[in-house]
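Trainee: Before I ask anything, let me first share the structure, which is written out below as structure tokens.
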Number of protein chains: 2
Amino acid sequence: MARSRNTEQKIFDAATELFLEKGVDRTSVREIAAKAGINLALMNYYFRSKENLFSAIFSSLVKKNSEELIHILDSDLKLEEKIRQYVNVYIDMLSENPLLVSFVMAILHRSRERITEMKAVSSLYATEKFTQQVLEEGKKGNIRRTDPSQLFVDMLSLIAFPFAIKMLIRDKNNFTDKEFREFIQERKKRIPEMLIDSLRLKS
Amino acid sequence: MARSRNTEQKIFDAATELFLEKGVDRTSVREIAAKAGINLALMNYYFRSKENLFSAIFSSLVKKNSEELIHILDSDLKLEEKIRQYVNVYIDMLSENPLLVSFVMAILHRSRERITEMKAVSSLYATEKFTQQVLEEGKKGNIRRTDPSQLFVDMLSLIAFPFAIKMLIRDKNNFTDKEFREFIQERKKRIPEMLIDSLRLKS
DNA sequence: AAATTGTTTAAAACTACGTTTAAAACAAAA
DNA sequence: TTTTGTTTTAAACGTAGTTTTAAACAATTT
């Protein structure tokens, strides 16, 4: 008899929501079981431990949310357009799941020393193709010579960080949720402009 | 008889180190007591609870590290020079305590809903003087008209985020600790250039 | 010197959590 | 009907955060 995908999924979904909302360490397995409407022992039947369940969820979240981004970085678009698309898609994705950034960053801190082991994390960073493209356009003189790492870190920072300090921004500007979303939407124009400006050749 | 400041400080220091290193929720009070070389009950004698101790540490850290920054924002420097100084001082500060960003962001997530209550957090954001200055320079036509909030978020993001993803950057570029520090130092030039560029009037 | 006051220790208790186990009940498939 | 996979109930284990109690200790005050 096939094991009920339904139950495993219910645990997975309940845990995902709680982990994002409260953080892994502030979520108890009893809480997950309650939210999933299942028995505590079933947690151990499907996932051997909380840490196991967390790993599965983390990998799944990162994979689900990075595939499209990697695809853009690896595409044949010219650099300017690539940056525009990347920023747009990334911001849309984070807008739909605003807790993702905090979650991932908490994990980066939690697992600081064993990051190399976490394969999923790898896909959060620039691809080889992107790096090469920036170097080549620099050599050709199409853009200013730029360290691809610096450029990519700039881009990531400008996209992701505001979500991590969402509450600070909301609070200080007295933003409603809607106003915060508009603030973020504004950045879809602003960020590519800044980045592309920084790449332009100066007279 | 005055209570021994020494013991209270030992608890405070041990807890600070552990909280930054492992995160609040992964640090036990028994661990803190052990590291401080004191009895478990003394934790309760000086700070009523772990959460209390954490609050004290958080406030102290934020206050200690934000005073100089606020002073710069509130100074009478012209905007360009103000940005340069802010970026420089901030990066130097975070370089000396690279775990600060992760720590503060973990707290921002942990205390998402009760952020308004945390007075310390307030000082992490732009001041009224800075906001006014950006608006006025825009009106005068000295710089492009700019949303001060967006500008400040850009600045914060470019400064702080790289520290939060330090391990990712190190790993992906095969940086040693020294090389990462150089990577960050490079940003002291790069970030003000970008920001000031984005403020320049276009022909 | 004795009493007072503030500090520290040792020991234990309470509740909650992550984990694991045991035994039984249940349901679909062979 | 037996087998196999799923689910429940119940309990146990060690550890954690917290709190309490009682005693010991040290400096100050009387």
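Trainee: Is it fair to say residue A:152 is closer than 26 Å to residue A:19 by Cα, within 20 Å of the chain's Cα centre (by Cα) and surrounded by 17 or more Cβ atoms within 10 Å (Cβ to Cβ)?
Mentor: no
Trainee: If I ask for residues that are β-branched (Val, Ile, Thr), more than 8 Å from DNA strand D (Cβ to nearest atom) and not in a helix (DSSP H, G or I), which ones from the stretch B:14-40 would you list?
Mentor: Passing the criteria: only B:38.
Trainee: Let me ask another. Which residues, counting only those in the stretch A:85-110, are surrounded by fewer than 16 Cβ atoms within 10 Å (Cβ to Cβ) and among the hydroxyl-bearing types (Ser, Thr, Tyr)?
Mentor: Passing the criteria: only A:95.
Trainee: Can you list residue pairs whose Cβ atoms sit under 6 Å apart, with the first residue in the stretch A:17-34 being among the hydrophobic types (A, V, I, L, M, F, W, C) and the second being within 11 Å of DNA strand D (Cβ to nearest atom)? Count only pairs 6 or more apart in sequence or on different chains.
Mentor: A:29/A:43; A:33/A:40; A:33/A:43
Trainee: As an exercise: evaluate residue A:183 against (1) open to solvent by 20 Å² or more (accessible area, probe 1.4 Å); (2) facing another protein chain (nearest Cβ under 8 Å) and give the number of the one condition it does not meet.
Mentor: (1)
Trainee: May I ask you to list the residues in the stretch A:41-62 that are assigned to a helix (DSSP H, G or I) and surrounded by fewer than 13 Cβ atoms within 10 Å (Cβ to Cβ)?
Mentor: If the condition is that a residue be assigned to a helix (DSSP H, G or I) and surrounded by fewer than 13 Cβ atoms within 10 Å (Cβ to Cβ), then A:41, A:51 are the ones that fit.
Trainee: Quickly run through the stretch A:186-203 and pick out the residues that are over 22 Å from the mean Cα position of the chain (by Cα), facing chain B (nearest Cβ under 10 Å) and of a type outside the set (Gly, Ala, Ser).
Mentor: A:197, A:200, A:202
Trainee: Scan B:114, B:145, B:200 and give me the residue that is open to solvent by 60 Å² or more (accessible area, probe 1.4 Å) and in contact with a helix residue (DSSP H, G or I) (Cβ under 6 Å, 6 or more places away or on another chain).
Mentor: Criteria check complete, one pass: B:145.
Trainee: If you don't mind, there's one more thing I want to ask. Looking at the stretch B:181-203, which of its residues are without any contact (Cβ under 8 Å) to a residue 12 or more places away in the chain and over 27 Å from residue B:145 (Cβ atoms)?
Mentor: B:182, B:186
Trainee: I would also like to ask the following. Say whether the condition of being in contact (Cβ under 8 Å) with a residue 24 or more places away in the chain, among the hydrophobic types (A, V, I, L, M, F, W, C) and within 11 Å of chain A (Cβ to nearest Cβ) is met by at least one residue in the stretch B:133-149.
Mentor: No, the stretch B:133-149 contains no residue that is in contact (Cβ under 8 Å) with a residue 24 or more places away in the chain, among the hydrophobic types (A, V, I, L, M, F, W, C) and within 11 Å of chain A (Cβ to nearest Cβ).
Trainee: Run down B:160, B:106 and say which single residue is in contact with a Leu (Cβ under 9 Å, 6 or more places away or on another chain) and either on the phi > 0 side of the Ramachandran plot or not acidic (Asp, Glu) (or both).
Mentor: B:160
Trainee: Please tell me if residue A:32 is open to solvent by less than 60 Å² (accessible area, probe 1.4 Å), at pLDDT below 90 and over 14 Å from residue A:156 (Cβ atoms).
Mentor: no
Let's see how each residue does on (1) in contact (Cβ under 8 Å) with a residue 12 or more places away in the chain; (2) under 30 Å from residue A:140 (Cα atoms); (3) away from chain B (no Cβ under 14 Å); (4) not hydroxyl-bearing (Ser, Thr, Tyr):
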residue	(1), (2), (3), (4)
A:64	no, no, yes, yes
A:70	yes, yes, no, yes
A:84	yes, yes, yes, yes
A:89	yes, yes, yes, yes
A:95	yes, no, yes, no
A:107	yes, no, no, yes
A:116	no, no, no, no
A:122	no, yes, no, no
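Trainee: Pairs needed: first member in the stretch A:37-50, farther than 17 Å from residue A:27 by Cβ; second member anywhere, within 12 Å of DNA strand D (Cβ to nearest atom); C-beta distance under 8 Å; at least 6 residues apart or different chains.
Mentor: A:39/A:33
Trainee: Scanning for something assigned to a helix (DSSP H, G or I), more than 16 Å from DNA strand C (Cβ to nearest atom) and touching a Gly at 6+ places or on another chain (Cβ under 7 Å), does the stretch B:67-76 turn up at least one residue? Outline the logic, then answer.
Mentor: At the first step, the residues of the stretch B:67-76 found to be assigned to a helix (DSSP H, G or I) are B:67-73.
Of the ones still in play, those that are also more than 16 Å from DNA strand C (Cβ to nearest atom) are B:67-73.
From what is left, the residues that are touching a Gly at 6+ places or on another chain (Cβ under 7 Å) are none.
Looking through the stretch B:67-76, none of the residues is assigned to a helix (DSSP H, G or I), more than 16 Å from DNA strand C (Cβ to nearest atom) and touching a Gly at 6+ places or on another chain (Cβ under 7 Å).
Trainee: Now for a different question. Just for the stretch B:1-16: of the residues that are of a type outside the set (Lys, Arg) and either surrounded by 15 or more Cβ atoms within 10 Å (Cβ to Cβ) or in the same structural domain as residue B:109 (by TED's automatic domain parsing) (or both), which one is nearest to DNA strand C (Cβ to nearest atom)?
Mentor: B:7
Trainee: Contact list please: Cβ distance under 6 Å, first residue in the stretch B:151-180 and facing another protein chain (nearest Cβ under 7 Å), second residue charged (D, E, K, R), pairs at least six apart or on different chains.
Mentor: B:167/A:112
Trainee: Give me a count of the residues in the stretch A:151-203 that are assigned to a helix (DSSP H, G or I), under 22 Å from residue B:104 (Cβ atoms) and among the aromatic types (Phe, Trp, Tyr).
Mentor: So the answer is 4.
The values are calculated or read from the model by the stated rules, or taken from the named source; none is laboratory data. From a predicted model like this one, the values you see are computed outputs, not experimental measurements. Every residue, glycine among them, receives a Cβ derived from its backbone with ideal geometry; neighbour counts consider all protein chains shown. Ligands, DNA and RNA are stripped out before the accessible areas are found, and what is left, the full protein with its side chains, is counted by its heavy atoms. Shrake-Rupley method; radii C 1.70, N 1.55, O 1.52, S 1.80 Å.
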